[in-house]
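Single-structure report; data block below.
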Amino acid sequence: MDHFLVLLGTFAFCVGSAVIPLLHAETYLVTASLVAPPELRWPLVIAATTGQMLGKVGMYYAGKGVRLIPGERIQRRIQLATARYREKRQIGAGLVFVSAASGFPPFYLVSIAAGTLAFPLTPFIILGFAGRFIRFAVAVFLPHWRA
């Protein structure tokens, strides 16, 4: 039961950290990996990645909501950005993965932009999950690595 609560807490914290940038998932994971038993390391990575992506999908939909803001000026800017993005679709896919894995540019902003610019949801989830999985695996396992 204790392991379940640790994983549930990790999931919940990472959902929150996806939406509230002041909550730092990597710091939480480094700390959790240092106090949790070794058999919980991979489950921590999976719980964190799943929670983070659930929150980022929420941010993606928040970005979609930006399209509903009234005003001719903002609608023009969104249309212009969407037209530019269509010409560079492959860059968008790479950007989602790199942002999710490295945090640069901030995945928070990329998630909102992906929704605003109508980046397809399924590739956003797959690429974001892959990038976050790598990032969180490093956060969990790096403190235990010995050269």
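Every number here is computed from the coordinates shown, using simple stated rules; none is lab data. All values derive from a computational prediction rather than experimental measurement. Glycine gets a Cβ as well: all are built from the backbone with ideal geometry, and neighbour counts include every protein chain shown.
Taking the condition of being among the aromatic types (Phe, Trp, Tyr), in contact with a helix residue (DSSP H, G or I) (Cβ under 9 Å, 6 or more places away or on another chain) and without any contact (Cβ under 8 Å) to a residue 12 or more places away in the chain, how many residues in segment 110-147 meet it?
0
I want to confirm something. Restricting to segment 1-20 and keeping residues that are closer than 24 Å to residue 63 by Cα and without any contact (Cβ under 8 Å) to a residue 40 or more places away in the chain, which single residue is surrounded by the most Cβ atoms within 10 Å (Cβ to Cβ)?
Out of the qualifying residues, it is 17.
If you go through segment 84-109 one residue at a time, how many are part of a helix (DSSP H, G or I), among the aromatic types (Phe, Trp, Tyr) and either loosely packed, with under 13 Cβ neighbours inside 10 Å or touching a residue at least 40 places away in the same chain (Cβ under 8 Å) (or both)?
Matching residues across segment 84-109 total 2.
Working only within segment 9-55, note down all residues that are over 18 Å from residue 133 (Cβ atoms), of a type in the set (A, V, I, L, M) and under 12 Å from the mean Cα position of the chain (by Cα).
Those that are over 18 Å from residue 133 (Cβ atoms), of a type in the set (A, V, I, L, M) and under 12 Å from the mean Cα position of the chain (by Cα): 19, 20.
Name the pairs whose Cβ atoms lie under 9 Å apart, with the first residue in segment 21-44 and crowded, with 19+ Cβ neighbours inside 10 Å, the second among the basic types (Lys, Arg) and in a helix (DSSP H, G or I), and 6 or more positions between them or separate chains?
Within 9 Å, the pairs are 25/132; 25/135; 33/41.
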